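Novice: Questions regarding the structure given below will be posed in turn.
Just so you know, all these numbers are worked out from the coordinates, no wet-lab data involved. Small disclaimer: the values here were computed from a predicted structure and weren't measured. Ideal geometry is used to build each Cβ from the backbone, glycine not excepted, and the neighbour counts take in all protein chains shown.
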């Protein structure tokens, strides 16, 4: 119960295919090394399609063809998402600035921020915070390191910084979360 489910996003149908593809790509790329982040992407994907349940059928009960997908304007290409996520994973223990992420995606900073939000539904900073918290969760379960060492390994300044972000993202303090999950 410590992990809060993301809220459903109301998206125009033109955006759904591109966002869905991005969410699946993000889930696949993070599944092996960070299952909690992959779960977040899959929950967002499920929430996105929850509103469409029952909408894929004609009045007589037969399947209707899906509407033709229009290309999404303003989003990131799959290679850009992949490269940005890989860059974040590689340098998560150090300072990551949005300018560097924009450079990886070969876009201006402003355009990158808008495109990233269109593609993932969150800002690059929010994504980075969630990645850092996810890495902290993984380290808490796999190591006996102190929370201050884990905070530093995740690119955070100190244990207090980790605790603030962790509580905001997960809904519990790192110490309580760690004890709960280690007991299981």
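Novice: Sorted by average packing, counted as other Cβ atoms within 10 angstrom per residue and highest first, what order do 148-156, 121-129 take?
Specialist: In descending order of packing, they fall as 148-156, 121-129.
Novice: Pairs of alpha-carbon atoms within less than 8 angstrom and 6+ residues apart define the contacts here; what relative contact order does segment 127-184 have, in percent?
Specialist: 31 percent
Novice: Just for the Cα atoms in segment 100-174, what are the lengths along the principal axes, largest first, rounded to whole Å?
Specialist: Sorted from largest, the Cα extents of segment 100-174 read 40, 22, 20 Å.
Novice: To the nearest Å, what is the center-to-center distance of segment 83-105 and segment 115-129, using C-alpha atoms only?
Specialist: So the separation of the two Cα centres works out to 12 Å.
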